[in-house]
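Asks: The structure that follows is given in the form of C-alpha cells.
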Amino acid sequence: MRTVVLLVVLLLLLPVHADEQQTFFYEYDAAGNIVGVRAVQVAGAPIVDSIQPDFLNRDALVSFTVTGSNLSAVVVSTPVASLSISTLQHVSDAEIRFSLFTTDAPLGAASLVFTNLLGSAAQTVTISERLPVIATSPSPLLLTEGSTRDVAVLLDVPFENTVELIISVSDTAVAGLPNGVTSSREELTLNPGETEFSFSVQGLTSGATAINLSVGSEQLGSSLTITVAAPEPLPSGPHRIASKTVGIRLDPIGRTSTTIHASPVGLNRRVSVAAGEAVQAQAVGVSKRINVEAGESIETRPVGIELQTE
C-alpha cells in the first residue's frame, strides 16, 4: 500500500516541459453554442516583428496586421480602457489581424500586449486626433468632354499641423487634375486652421470615375463620383439653346456731364444647322456710346442672348 501511494506522489511531481504547450480555441454560433474546438500547439512566447499601420485616429475603425512568430494562440489586450480591440484573426503562426477603435483615448502612445501560455510581447501604436469630416460640392460631379469645373471642399475641423492632402483620380482616361490634364495625383498643402480649399477637374472622355482625398494612408470621407458625357447634339426645328449674361463696356466720349441709364438689351441671333449637329456659341459685339464727366466711373449692364435653331 505504501508503494502505491509513493508512485502516485511521484507521478504528480513529474515536471511539465515549459517549452511547448497546447491551447484550445472554442468556436461558437450566433446563439452561443459551441460548434467546434481547435487545438493549437504553442512552441514559445510570442515575438512581434512589425505592426502595420502604427497609428490610428480617434473615431476611425482601423485594421492592423501584426507579423512575427508564435502568434497562432495569442490574445491581444491593452491597458488603455477606452481603446477597444475587435475581430482578432489568427491568419498563421506568423501573422494576426485585428481592429482598433477609440473616441476619447489619450493622444500619444498606447501599449498593446500579445500573450500566450508561454509569455507575452508588447508593442505600441500612436493615437492621433480624429480626421476631419469633409463635404464636397458639387457631389456627384457631372462634366462634358473637354469641360473643366472647380470642386469646393469644406472640412468640419482644421488639421492641427501642416499636412499634404493627396487628390487622386481612379481612371485618368475619363477625367484629369489641374497639373497636367491626365495627372492621376495632386498634392495640396493645408496649413493649420484651414477648413476650405478647391481644385479643378477636367472631363476627358465619356465614362465614370472617382476622386479620393487622403492624408497619408487615411482616406478622408467617401469617394467623389465623376460622370463625363459627350456633348449632346441639338435637335432639329426651332429650339431654345441657351441664355447667357454678358458684359457691355461703355466708353466715355467727350466731357459733357450726364446721367447714365443703361438698361438690359435683348439680342436674338438665328443660325441654321442640320439635325443632330452641335452648335458652337459665337461672340456678338455690342456697344453703346454715352457722354460722361471726365474721370467718372461707368457701370456695366447685362445683355441677354438667345440662340435658336431652325
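Asks: Can you tell me which of Glu160, Glu164 is of a type outside the set (Phe, Trp, Tyr), in a strand (DSSP E or B) and at pLDDT below 90?
Replies: Glu164
Asks: Checking the structure you have, find out if any residue of the range 175-182 is in a strand (DSSP E or B) and either over 25 Å from Ala208 (Cβ atoms) or among the acidic types (Asp, Glu) (or both). Walk me through it before giving the result.
Replies: The initial filter retains those residues of the range 175-182 that are in a strand (DSSP E or B), namely 175-176.
Next, from what is left, pick out any that are either over 25 Å from Ala208 (Cβ atoms) or among the acidic types (Asp, Glu) (or both): none.
No, the range 175-182 contains no residue that is in a strand (DSSP E or B) and either over 25 Å from Ala208 (Cβ atoms) or among the acidic types (Asp, Glu) (or both).
Asks: Suppose we filter Asp150, Asp93 for residues that are surrounded by fewer than 16 Cβ atoms within 10 Å (Cβ to Cβ), among the charged types (D, E, K, R) and at pLDDT 90 or above; which single one remains? Show your work before the answer.
Replies: Values: Asp93 fails: surrounded by fewer than 16 Cβ atoms within 10 Å (Cβ to Cβ).
On inspection, the qualifying residue turns out to be Asp150.
Asks: With within 30 Å of Val40 (Cα to Cα) and in contact with a strand residue (DSSP E or B) (Cβ under 6 Å, 6 or more places away or on another chain) as the only criterion, which of Ser147, Ser111, Ser137 stands out?
Replies: On the way: Ser147 fails: within 30 Å of Val40 (Cα to Cα); Ser137 fails: within 30 Å of Val40 (Cα to Cα).
Exactly one residue qualifies, and that residue is Ser111.
Asks: Within the range 76-90, which residues are within 14 Å of Gln123 (Cβ to Cβ) and surrounded by fewer than 17 Cβ atoms within 10 Å (Cβ to Cβ)?
Replies: From the range 76-90, those within 14 Å of Gln123 (Cβ to Cβ) are 76-80, 83, 85; that's our starting set.
Within the range 76-90, Ser77, Pro79, Ile85 meet the criteria.
The values are calculated or read from the model by the stated rules, or taken from the named source; none is laboratory data. A quick note: this is a predicted structure, and the numbers were derived from the prediction, not measured. Backbone-built Cβ (ideal geometry, glycine too); neighbour counts: all protein chains shown.
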